[in-house]
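Chemist: One structure coming up, written as structure tokens, with questions to follow.
The values are calculated or read from the model by the stated rules, or taken from the named source; none is laboratory data. Since the model is a prediction, treat every value here as computed from it, not as a measurement. All Cβ positions, glycine included, derive from the backbone under ideal geometry; neighbour counts span all protein chains shown.
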Amino acid sequence: MRTLRITPIPVILIAFIFLLIPVLSYLATADFYFLQFWKPIQVFGRMQPIQLTILLISIVVAIGIIIRKKFGYYSFLLLAGVLILYNVWLVASSFWGNSFHIDGFPLTRQDILMNFSLTLFLLGSVYYFLNQEVSAPYFSPLPRGWRINPRETIPLHFKIIIQSSTFSGKTINLSSSGAMLPVVKSFEFEPGENVQMELHFEDRDGRAFKGIFQSILVRVDSLDYLPGERQIGIRFLSDKITDESKNQLFYFLKERYVPRYLVQSEVRFGDLSYEDYKNQLANISSNGMYINTNVNYPKGKDIFIRIPTLSGNIDLKGRVTWSNPNGEFGKEKGFGIEISNNKNPLRFWTWLLKIRTQKLHTR
């Protein structure tokens, strides 16, 4: 897959910081021991093994982040783990009565605790900003463990305008910060272009809504397995109209596509008893579910729900939050339920944990 992308500035800054760590550490060591910095054998000879390990991992992290590879992210997690474990060991040892010195200068327990707190703050800050920046489709449409906002596979109708050209179709995947869209092979624009997108979905009251999103083109992919086909990634910008559209989209995704788990399980339900109807669950989460059925309940209707399991029935009460009698938005006919009462919480959570372990965030 050939890809054209722009790298967000915070990601570049984070990579630059990790490249600076070895340089600054080298200069600081030379200065501390009154060594000449152009004599690397002497300087590196003064470094501790843990210090050399951190320097090497920092370089790997910087390279991986700047070229947008998974190993950069996982190397950062490795570096964070090494630093945290090392600081935990220092703190624990200080409470056990051990003392630490740097070339004759004693380290107090307060010094160690302050260093640990600063390390946690810096690592947490890098992790937060790194995940925020890759939540939009900068990297790959494939799951890679980088995103804080889930990208949902939802075929919603869209229309985009770039300069004087117009493209339309159905979204490949979508989050509240960006989207991946299919385009025709004649698409010739490159990252950095301004994009206006119209997106059709439902607002909080279940009415048809047309969202307007001012965006920027961040990637263009040519698909090797579909010669001539292309897909693009856009990141939503911020203005009054776009922010309102993003708020409506966030609510839509939360209510309709909250991270749920695909499950093929019998479900029984009814407005008068648990046994009025019998159909199939499509997906489930800790606070809701979607039932595939031709039965049409209006939004706000309270119903009884029973899920038969090997360990017994799970009896629930819920309220219809979304009625989908026409099978729109990539789902079969049915309705979405928000769970309001759970008569068998332990059995439900045990069953859900089993489902989660098996399915791991499928939609």
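Chemist: Mind listing just one residue for me: the one in segment 308-318 that is touching a strand residue (DSSP E or B) at 6+ places or on another chain (Cβ under 9 Å) and surrounded by fewer than 17 Cβ atoms within 10 Å (Cβ to Cβ) and, of those, modelled with the lowest pLDDT?
Modeler: Here the residue is 309.
Chemist: Scan segment 162-170 and tell me whether some residue there is at pLDDT 85 or above and under 15 Å from residue 235 (Cα atoms).
Modeler: Yes, because at least one residue in segment 162-170 is at pLDDT 85 or above and under 15 Å from residue 235 (Cα atoms).
Chemist: Scanning for something within 27 Å of the chain's Cα centre (by Cα) and modelled with pLDDT under 90, does segment 263-277 turn up at least one residue?
Modeler: yes
Chemist: For segment 211-230, check the following and say yes or no: at least one residue is of a type in the set (Lys, Arg), touching a residue at least 24 places away in the same chain (Cβ under 8 Å) and either within 22 Å of residue 252 (Cα to Cα) or surrounded by fewer than 18 Cβ atoms within 10 Å (Cβ to Cβ) (or both).
Modeler: No, every residue in segment 211-230 fails to be of a type in the set (Lys, Arg), touching a residue at least 24 places away in the same chain (Cβ under 8 Å) and either within 22 Å of residue 252 (Cα to Cα) or surrounded by fewer than 18 Cβ atoms within 10 Å (Cβ to Cβ) (or both).
Chemist: Might you let me know whether segment 281-299 holds any residue that is at pLDDT below 85 and more than 29 Å from the chain's Cα centre (by Cα)?
Modeler: The answer is yes, given that some residue of segment 281-299 is at pLDDT below 85 and more than 29 Å from the chain's Cα centre (by Cα).
Chemist: Out of the residues in segment 267-307 meeting the condition of being touching an Asp or Glu at 6+ places or on another chain (Cβ under 6 Å) and over 21 Å from residue 252 (Cβ atoms), tell me which one is surrounded by the most Cβ atoms within 10 Å (Cβ to Cβ).
Modeler: 303
Chemist: Based on this model, can you work out whether residue 76 counts as in contact (Cβ under 8 Å) with a residue 12 or more places away in the chain and either surrounded by 15 or more Cβ atoms within 10 Å (Cβ to Cβ) or in the same structural domain as residue 123 (by TED's automatic domain parsing) (or both)?
Modeler: The answer is yes for residue 76.
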